[in-house]
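Right, one structure below, let's go through it.
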Amino acid sequence: MTGYLIRRLIYGVFVLIGVNVLTFALFFFVNTPDDMARAQLGAKRVTPEAVEKWKQERGYHKPLFLNEKLSGIQRVTDTVFFDKSVRLFAFEFGSSDQGRNIGYDISTRMWPSLAVQLPAFLIGLLVYISFALLMAFFRATALDFWGVVLCVLMMSVSALFYIIGGQFLFGKLWNLVPISGYNGGFDAIKFLALPVLIGVVSGIGGNARWYRTIFLEEISKDYVRTARAKGLSEARVLFRHVLQNAMIPILTGVVVVIPLLFMGALITESFFGIPGLGSYTIDAISQQDFAIVRVMVFLGSVLYVIGLIMTDLSYTLVDPRVRFS
Amino acid sequence: MSKKILLSVRDLRTQIRGDGPPVRAVDGVSFDIAAGETFALVGESGCGKSMTALSIMRLLPDAAAISGGTVELDGENLMALPETQMRDVRGRRVAMIFQEPGLSLNPVMTIGAQIAESVRRHTALTGAAVDARVIELLEAVRMPDASRRVGEYPFQLSGGMKQRVMIAMALACDPALLIADEPTTALDVTVQAQVLELLRDLQRSRGMAMLLITHDLGVVAQMAQQVAVMYAGEIIETGPVQTFFDGPAHPYSRKLFDSLPERAGRNRLLAAIPGAVPPLSRRFEGCRFAERCDRVLPHCAGTVPAWHAVGEKHDARCHLYADADGTSVVKSATASGSGAQIAVRRAEDECSAALLQVKNLQVHFPIRKGLLQRVSGHVYAVDGVTLDIFPGRTLGLVGESGCGKTTVGKGLLRLVAPTGGQVLLGGGDFLALGRDALRRRRRDVQIIFQDPYASLNPRVRIGDALEEGLLALDVGSGAADRQQRIDALLTEVGLSPEVKGRYPHEFSGGQRQRIAIARALSVEPRLIVCDEPTSALDVSVQAQILNLLKRLQREKGLAYLFISHNMSVIDYMADEVAVMYLGRIVEQGSVDDVLRAPQHPYTRSLLAAVPVADPQAVRPVLRLAGDLPSPVNPPAGCHFHPRCGVAVAACATNYPVEQRFSATHLVCCHLCKKTD
Amino acid sequence: MNLLPFRFELLWTDALVWVLVAAVIGYAVYARARPHLRAPWSRVSRSASGMAAAVILAAFVLAGLLDSIHYRPALPPQDGKAAYATELRSLLDLTLQPLRDKREKTYSAPLATHLYAKETVLLPDGREVREFPRLRHGGAHLKNPAADWAGDVALRGFRGLAVALLIWFSVALALSAAVAQRSGNGIEQSWGDIWRGRTAIPWRAALCALAALAVFAGPVIALAPLYHVFGTDKVGQDVLYQALKSIRTGMVIGTLATLVMLPFALLLGVMAGYFKGRVDDMIQYLYTTLSSIPGVLLIAASVLMMQVYIENNASLFPSSEIRADVRLIALCVILGVTSWTGLCRLLRGETLKLRELEYIQAAHAFGVSHWRIMMRHVMPNVMHIVMIALVMDFSGLVLAEAVLSYVGVGVDPSMISFGTMINSARLEMAREPMVWWSLAAAFVFMLALVLAANLFADAVRDAFDPRLVRAGAVA
């Protein structure tokens, strides 16, 4: 088991190297730093001096891979590739194109993101599984039918409308919570309540229906018939036998996103003005701050790889076949 | 003596709803089971016997529903009980075990917990008393090392042990009736023998009634006191086992017996039933068997036959017994015996040179482990197999599942890559051929597979499927010639050339297997590897395919490597037999040598384990203990010694050398000495 | 010399859309002759929700296709040479000409006769007052809006409804006649059969969906020439026109994003499962790497880079429509890359199962080449997964477009789409009183499109492979 995990870890590092090379190619081959400078400086008539100055300030003036002018290890380290890509592995994120310290920004902004995402994730999981179990319990009845109809209806509505509608109803019409904003400490609850609620509600359709499919798949298996043949009640069959087995496919989809909760939710944060990593990313995109986007891509991949390894670990908890092999 | 009726089923009807018209899977079934008696329900697949059992338990799948009839247990109608009360019946008064022990247990729960659940549900036991009861139950089903096993998960157990767990679970509350739905079909023959013996002992010692559902007449003969034959959703014949086996009355039952290879004898054609079971979504006007019956009367197709007594407590639903004295018809029928004599093989065949020689064939699969995925061991699937196959003759390769017999077949065709040894074919080593040379030689050896549903691509027309080999191996000159060949092939296997343009889904299992045979024949091979070609088929269809294979062999001088786990099929088909155990041949010789005078203890116990379709058969008691060991770590010395009843000290240390027992008979055993 | 009063223009997306249409028709012809290909589709046609959804989808597809034939109208010839407008029009624009041309100054509410904002108006007597001025087009035919408006709207709406229902009724009657002819029963009998749900194909559901469509479209069509049924937006453009134009954008993204990457997903997935070993390792590494980047971020990074490229190479794109079109294609490709990995994984898994099947072993025993086995035995047997992926991804992609356009990495801001509609309307949420109609129109049209797509996808999935369990789509 340990050997397997170590192998997965090494594989993860290789995946990150791949991501790194890919992003580097995307950011420095499709467009040269000169192009970026020109796009960033905006005006049609940009002087070469201004471009050079822009590149100097942000460290894009160095050669991409090999610095011919220097000798020794610096030939490799004093390059754009080393500065902007290799250093990411040491979590040295450098500064943004606007000159801000990205590492500092991330460390302060991830907590508000987590404050929205973690409760939304946990409450959501509970709600989706309960709803799906309810439908599976009453399968092939009117309740199940209308439950599925509701799910399909809910998953056909864009997330944007959940946010807009929620803000309108709870913020504007009923004045229950502030429409947007954020505050630390205990005060945060009144700002977080609506984003969390919307996060949960917007996911009901897709997730509950998906979990229902998984439950029904399990219910059709032979061991369920064996459990019924023992004379167990339908509720016990569902909770004792089906739920435990269904957790295996559910975990595959769920555990992998846990680390990504740090990254925040792009549109929710932006709509509600929560100073998290999601709105940070959106701002970077609208300001065309390539340095931040690059770092966020890398960070996202790191968290995803961690999620994959956590998924492997979680199997050992729920699946004895993995635990004992 | 008339025993108390425990279960009384009257006019039970169950329908399955789907896309089309409802399928009447159970259509008016009635029978009684007396307390403490074993009642066998026999029939081929799709006749509704499992649905009958599930209907009694009211455990039908969501798409099926009981549409009529009563099921009375001790006079109480189970169909009228509310679901909550029915739950008290399930597991306590009526328990059930299923066909697939591998799928019937919850994979993420320990077996102890699963049995305990049953105990807790129906008894007042708590705490340590439950644990004690679980171990007691596991010991009752002869689970080795019961107290350690309670904490294990199903995947850690073999198939036989899983079925024991299922039985333990069913026994938890001493039910009055045990329903066993094909309890041993998924198991190997030696394990089947253990489980059947266990069931029989438990049933006798506990005075429990048993409803045994099976397709195997051999199992019926060994286990049951009463028998009922099911066909197309209804029971067509019922009676005490001895009377039934002495003189089956219904033409269908008689055909079932006649299609058994062990009944016919190797030089006779098997009696096959033409056609297939009619779809149960159809409405029937007369006898459901009429269109396949060789003794059909003019009114059979239009009038539903009534029950007629054909002997003491022995009834059949057939017009043949309407006015005549039933018993005489039975007698005359039995006398008619089975099919026509087949021309006996010419003697000069015996001395020709081998067509194909397999020398020390090895197929080892590496097992990779650890950080660097180093090869940490091997699965010794085939570990040094030597065989000779002669032109126009059949070599039967027999063994239990997991012994490596299928890998031998695939290895010599290079469908899996052998890791050692030689396959000499026409002078050269087939295993050493380069890509192009290999492609040309592929004409000589072809293969037919077990699963008729997987052996044809559902997206390719029959004609195109048959043409594939002709094109790939450049057989025939031009498109017209190829089409002619295809027509001839289809006619040869008993199908009309018109089926060329159709897709596989329109054909039954037996027809598909015929098409697969035609495909193998298309490139005019000299040897066909038949990998369990009939084990997915019903016995009457099996008879058709075996007859066809025999005829083709006679006409074309084909050689077969016939791989099977079924001793009676091997006995019927093979000229030479090789017995395989854990990747090696333990005994080989002519069919008379190996099956009539077996020398190796494994061959003997294998033969003893086969259920014979005769309730009075005198059976040697040679039960094999335990299961087949893993081919990853075969036991030291003789692979068989841990399960062998007669092992001596040398068996545990040295693998026995091959001994020539007679001119044609080779045995790998320390205890076999030449008798000359 | 070109005598036509217009010149056709084939945009890249148009070309791909019509290739897709041709492929669908070709597939339909091919599948008709093959019972095993026809069977799942006839199962789809027996699903009530699937048929109802298909009717609604057909209406959307019609709008989308009309909007995919582009032309440039002719201008008065200059110097003896034919000249054409720089602005591209589509057949849909032609049909909606009145809506397109009747611009107001700024916001106006649905069916309004007056502008939504007060303006300073100079009266004939020289005084200035601030009032809601009359619209230039909306309700301009009314002499006295305050008195006539309600009656006029009701009358026209009712007339439209009546005509629509009449048409619907004749379609229903024609259908009964067709059913009658096929079954050999009388028309009356067939009419009864249809309404009691006794026909094999659930025509009742299809007719109900058609009725819903008629109830909605009838009054709208009747009122649209004289009013702005869904109001106007900030620059005075008709919202109904925008909503109808958004359909094409959504449909292009929903279909092309899956299609452009399909050959790669199919080939790589099948190869990984078929060859196993090294090939499998490489392909798995490739898709793990790609899927490890959170979808939105990968899209954001790519779109940003593409924007820079387009800005720096403006000369490559002669007009703003072509630029927007290229950007749309690029977005499809990028969306395809992010959703590609899921399909590839599914195909690999299915191929792993297939390769052990006996008909493939039999082909090996004949020495059939790997390539041929993959083409003949593997690909046709995984196509149902591709089909399911195509229809299942559609709705997710339409929804994703809206979110991406909001984030700023979606379609070109000049291209009308649900995303740009919501994005520009969102800013007016805070306005008092609220401008809600743009959002409402986008909501209604999007919900109808996505819901119909979801229901249809479910019917397809159930017909092709009910056991295939798939996680939700990307983004």
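The values are calculated or read from the model by the stated rules, or taken from the named source; none is laboratory data. Everything quoted here is computed from the prediction, not taken from an experiment. Glycine also receives a Cβ, built like all others from the backbone with ideal geometry; neighbour counts cover every protein chain displayed.
Quick notes on this one:
- When A:Ser130, A:Ser113 are checked against the criterion of being surrounded by fewer than 14 Cβ atoms within 10 Å (Cβ to Cβ), of a type in the set (S, T, N, Q), in a helix (DSSP H, G or I) and at pLDDT 90 or above, A:Ser130 stands alone in meeting it.
- B:Asp88 vs. criteria among the acidic types (Asp, Glu), within 13 Å of chain A (Cβ to nearest Cβ) and over 15 Å from A:Ala227 (Cβ atoms): yes
- Filter result for C:Phe275 (in contact with a strand residue (DSSP E or B) (Cβ under 8 Å, 6 or more places away or on another chain) and in contact (Cβ under 8 Å) with a residue 60 or more places away in the chain): no
- Boolean, A:Lys172 is within 14 Å of chain C (Cβ to nearest Cβ), surrounded by fewer than 19 Cβ atoms within 10 Å (Cβ to Cβ), out of contact with any helix residue (DSSP H, G or I) (no Cβ under 7 Å at 6 or more places or on another chain) and not small (Gly, Ala, Ser): yes
Here is a yes/no grid of residues against (1) touching a residue at least 60 places away in the same chain (Cβ under 8 Å); (2) not assigned by TED's automatic domain parsing to the domain that holds A:Leu260:
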{"site": "A:His61", "(1), (2)": "no, yes"}
{"site": "A:Leu66", "(1), (2)": "no, yes"}
{"site": "A:Leu70", "(1), (2)": "no, yes"}
{"site": "A:Ile73", "(1), (2)": "no, yes"}
{"site": "A:Asp83", "(1), (2)": "no, yes"}
{"site": "A:Tyr104", "(1), (2)": "no, yes"}
{"site": "A:Phe137", "(1), (2)": "yes, no"}
{"site": "A:Thr141", "(1), (2)": "no, no"}
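- Qualifying positions in segment B:644-672 - part of a loop (DSSP other than H, G, I, E, B) and of a type in the set (D, E, K, R): B:Glu658
- Residue match in segment C:339-358 (condition: surrounded by fewer than 23 Cβ atoms within 10 Å (Cβ to Cβ), within 9 Å of chain B (Cβ to nearest Cβ), more than 26 Å from the chain's Cα centre (by Cα) and part of a helix (DSSP H, G or I)): yes
- Residue within segment C:290-307 that is more than 10 Å from every other protein chain (Cβ to nearest Cβ) and among the polar types (S, T, N, Q) present: no
- The single condition among (1) among the hydrophobic types (A, V, I, L, M, F, W, C); (2) more than 25 Å from C:Gly250 (Cα to Cα); (3) surrounded by fewer than 18 Cβ atoms within 10 Å (Cβ to Cβ) that C:Met383 does not satisfy is (2).
- Filter pass, A:Leu194 being touching a residue at least 40 places away in the same chain (Cβ under 8 Å) and within 14 Å of chain B (Cβ to nearest Cβ): no
- For segment B:186-227, a residue qualifies if it is within 14 Å of chain A (Cβ to nearest Cβ) and surrounded by fewer than 21 Cβ atoms within 10 Å (Cβ to Cβ), and exactly one does: B:Ala186.
- Among residues of segment B:496-523, those that are of a type outside the set (S, T, N, Q), surrounded by fewer than 20 Cβ atoms within 10 Å (Cβ to Cβ) and more than 14 Å from chain C (Cβ to nearest Cβ), counted: 3
- Members of segment A:27-47 that are in a helix (DSSP H, G or I), within 8 Å of chain C (Cβ to nearest Cβ) and farther than 14 Å from A:Leu88 by Cβ: A:Asp35, A:Met36, A:Arg38, A:Ala39
- Residue within segment C:387-410 that is outside any loop (DSSP other than H, G, I, E, B), touching a helix residue (DSSP H, G or I) at 6+ places or on another chain (Cβ under 7 Å) and within 14 Å of chain B (Cβ to nearest Cβ) present: yes
- Residue within segment B:438-453 that is without any contact (Cβ under 8 Å) to a residue 40 or more places away in the chain and either away from every other protein chain (no Cβ under 14 Å) or outside any helix (DSSP H, G or I) (or both) present: no
- Identity of the residue in segment C:308-323, outside any helix (DSSP H, G or I) and either without any contact (Cβ under 8 Å) to a residue 60 or more places away in the chain or surrounded by 14 or more Cβ atoms within 10 Å (Cβ to Cβ) (or both), that ends up nearest to the other protein chains (Cβ to nearest Cβ): C:Asn313
- Of the helices (runs of 4 or more DSSP H) lying entirely inside segment B:105-214, those containing at least 3 residues that are touching a helix residue (DSSP H, G or I) at 6+ places or on another chain (Cβ under 6 Å) span B:111-122, B:127-140, B:159-171, B:189-206.
- Scan of segment B:550-570 for residues that are more than 16 Å from B:Gly265 (Cα to Cα) and surrounded by 21 or more Cβ atoms within 10 Å (Cβ to Cβ), ordered by number: B:Leu558, B:Ala559, B:Tyr560, B:Leu561, B:Phe562, B:Ile563, B:Ser564
- No other residue among C:Gln237, C:Gln242 is surrounded by 18 or more Cβ atoms within 10 Å (Cβ to Cβ) and at pLDDT below 90 apart from C:Gln237.
- Any hit, segment A:257-269, residues being within 14 Å of chain B (Cβ to nearest Cβ) and either in contact with a helix residue (DSSP H, G or I) (Cβ under 6 Å, 6 or more places away or on another chain) or modelled with pLDDT of 90 or more (or both): no
The rows are residues; the columns are (1) crowded, with 16+ Cβ neighbours inside 10 Å; (2) modelled with pLDDT of 85 or more; (3) not in a strand (DSSP E or B).
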position	(1), (2), (3)
C:Leu16	yes, yes, yes
C:Ala39	no, yes, yes
C:Val55	yes, yes, yes
C:Ala58	no, yes, yes
C:Leu62	no, yes, yes
C:Ala74	yes, no, no
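- Segment C:409-428, residues that are surrounded by fewer than 17 Cβ atoms within 10 Å (Cβ to Cβ) and free of Cβ contacts under 8 Å to residues at least 24 places away in the same chain: C:Pro413, C:Leu427
- Residue check, A:Val293 out of contact with any Pro (no Cβ under 8 Å at 6 or more places or on another chain), hydrophobic (A, V, I, L, M, F, W, C), at the interface with another protein chain (Cβ under 9 Å from one of its Cβ atoms) and closer than 18 Å to A:Ser96 by Cβ: yes
- Leading residue by the ranking (nearest to B:Val423 (Cα to Cα)) among those in segment B:355-410 that are polar (S, T, N, Q) and touching an Asp or Glu at 6+ places or on another chain (Cβ under 9 Å): B:Gln357
- Top-ranked residue of segment A:270-290 - restricted to ones that are aromatic (Phe, Trp, Tyr) and within 11 Å of chain C (Cβ to nearest Cβ), ranked as farthest from A:Phe27 (Cα to Cα): A:Phe271
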